[in-house]
Each structure stands twice: as structure tokens, then as C-alpha cells.
Amino acid sequence: MFKHLRDRHPVAAACGCALLQLVATLSILLAGKALLPPEQFGKVKLAAFASTLLVPVVLAQMLGLWRDLGLQRFRVTPFFLASLLVCVPFLLLGLRIPEGTTVAGTVTMQAVNAVAEELLFRGVIFALLIRLPLGRALLLNAVLFGAMHLIHGVMDGDWAAAGHQALVTILGGLAFAAVRAETGSLWPPIILHMLLNLSVIFSNGEAARATGTLAIADGVSRALQLALFLWIVCSARASRMRSAEEPQPA
């Protein structure tokens, strides 16, 4: 049944995968918030975080997608190396270690976070949607990725901030999906995702906010993320046009 859904209704299957993760994470957070004292909520967040690793693994098994996740090889291409430029605007602001954090702890957390989110979105969901035309597949992948972050609106009640976060995340999702499509491997988008998050966390953003340079850095990075998506889509379209113009054997 699950493989039939995968093959016949890839968009519905992809949306269902994203919805399942959203419901699982939200259920854990809301139940913990309602049933446990506030001082225990850190453990609830940890359980919700663990679900983001468990759900993609279960989905990959149910849908028979392990061979399509891109885990078998690590491929570095010039496009992937160019994609790392999205981190540079934040690094140019200077570096700092946020109070109350450690470099090792933050790097570990962001590495696990990147693996979990990429395993679901550029792994399972990408493998489902890649049956569509490339531009549509990457765009829907990114929209589902952004929609997942609306969970912050449910938990915090600040829907304006959650909506902004979702839009920003869609741009990141376009870049990650573009790298996944170009390299054919899940590892490059995992690395890009982790490094982008770390560049934001460790950038001297608070000091730059007052001068407006943080907004400039953010805007440049988002523009580069969009450019990665457009480059891949336009390249694929040009390749199809060249193939169509080639003379067919008699």
C-alpha cells in the first residue's frame, strides 16, 4: 500500500510525510507543556528532537526509499563549493560565541539537526517529489520545509515571527534542494545546512543589527540561496532544450 502511494501519488505522499513529522513533533511538545512542570520542558524538547530522527527512518523503511536517499556516496562538485558562499555574508560580520553556549555543544546540536531535517526533506521527501518536473519538485520540497517551521507559531503564539521564519526557511530549502539535485548526494546539503546555521549562530549579528549590516548580510545570503535554485532549474531547462534540438537517429 505504501509503495503504491509512493509511485502513484508522490505529492500526496510527500505532504503526508511532512504532516506526520509536524504532528509527531507538535504532539510531543504540547503534551509535555500540558503535563509536565516548566523545568522539565527541556526533556520534552529533547524527545521532540529525537522524533525528527526517528520519523524519517520509519518513513524510508515503509516507503522502500533507502536506495534513493543519496546516502551511498559523498560527492563534492563545484556547485556545492559555490553554495558555501551563502555563509560568507554572516561570517563577514565577525564571530562571537553566544553567552551560555559552547562551540562543541552547538556544533554537535546543529550537526544532528541538519542530519534529521535533511534526511526527511532532501532524503525521503526529495525522493518522492523528484518524479515531478525539477523546478516544481524543488519548490514544493522547500515549501513543505518552510511550513514545518510554522510550529513556532503554535508553540509561541507569535505567528508573525513564525511566518517570517517559514519564508526564510523556504529560501534555505530551495538552496539545500538545489545542492541535493546537482550532487545526487544527501551529504552536501547536510553540510551546507549545518554550516549555514553555525554561521548565523556564531556571527556577530547583535552588534551588526544596530548598524543595519545584519539585514544586508541576511539579504545577500538569501539572494544567493535563491540564485542556487534558479541556476539549477535554468540549467536543467537548457539541457532539455539542447536534447530536444539534437537530431534523432533514423
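The values are calculated or read from the model by the stated rules, or taken from the named source; none is laboratory data. This is a predicted model, so every value here is computed, not measured. Side chains are part of the model used for accessible areas, which takes the heavy atoms of the whole protein and leaves out ligands, DNA and RNA. Shrake-Rupley method; radii C 1.70, N 1.55, O 1.52, S 1.80 Å.
So what J values fall out for region 57-69 if you push phi through Karplus, 6.51 cos²θ - 1.76 cosθ + 1.60 with θ = phi - 60°, rounded to Hz, Gly and Pro as x?
Values, residue by residue: 5, 5, 5, 4, 5, 5, 8, x, 10, 4, 6, 9, 7 Hz.
Hey, what did the chain get for relative contact order, percent, Cα under 8 Å, at least 6 apart? Before the final figure, lay out each step's value.
Details: 291 pairs, mean separation 67.9, N = 250.
Here the relative contact order equals 27 percent.
Remind me, what semi-axes does region 1-120 give for its equivalent ellipsoid, largest first in whole Å, using sqrt of 5 times each Cα gyration tensor eigenvalue?
For region 1-120, the semi-axes come out at 29, 26, 12 Å.
Restricted to Cα positions, what overall size does region 105-181 have along the principal axes? Three whole-Å values, descending.
Rounded to whole Å, the extents work out to 37, 30, 16 Å.
Nearest 500 deg cm²/dmol is fine: what mean residue ellipticity at 222 nm does the chain get from its DSSP H runs of n ≥ 4 alone, each adding -39,500 (n - 2.57), divided by its residue count? Kindly include the intermediate steps, with their values, before the conclusion.
Numbers: 13 runs with 185 residues, N = 250.
Estimated from H runs of four or more residues: -24000 deg cm²/dmol.
When we measure straight from the Cα of K45, which aspartates and glutamates land under 18 angstrom away, once same-chain ones fewer than 8 places off are left out?
Within the straight-line cut-off, K45 pairs with E117, D156.
In region 79-164, what percent of the accessible surface is made up of carbon and sulfur (1.4 Å probe, ligands and nucleic acids excluded)? Provide the component values of the computation, followed by the final result.
Values: 2780 of 3910 Å².
Here carbon and sulfur together make up 71 percent of the probe-accessible area.
Per residue of region 140-148, in order, report the coupling 6.51 cos²θ - 1.76 cosθ + 1.60 (Karplus, θ = phi - 60°) as ³J(HN,Hα) in whole Hz, putting x for Gly and Pro.
Result, rounded to whole Hz: 5, 4, 5, 5, 5, 4, x, 4, 4.
Pop out the ³J(HN,Hα) list for region 118-135 in order, Karplus 6.51 cos²θ - 1.76 cosθ + 1.60 with θ = phi - 60°, rounded to Hz; leave Gly and Pro as x.
Karplus values, whole Hz, x for Gly and Pro: 6, 4, 6, 7, 9, x, 4, 5, 4, 4, 6, 7, 5, 5, 7, x, 4, x.
Given the chain, what whole percent of its Cα pairs are spread farther than 24 Å? Don't jump to the answer; show the numbers that get you there.
On the way: 15884 of 31125 pairs.
Here the tail beyond 24 Å accounts for 51 percent of pairs.
So, for the chain, what is the accessible surface per residue at a probe of 1.4 Å, expressed in square angstrom?
On the way: 13180 Å² over 250 residues.
Ligands and nucleic acids excluded, the figure is 53 Å² per residue.
Pulled fully out, how much extra length does the chain show between R131 and L5, if you take 0.36 nm times their separation in residues and subtract their Cα-Cα distance? Intermediate results must be reported in sequence, preceding the final value.
Details: separation 126, 0.36 × 126 = 45.36 nm, distance 1.30 nm.
Net length gain for the segment: 44.1 nm.
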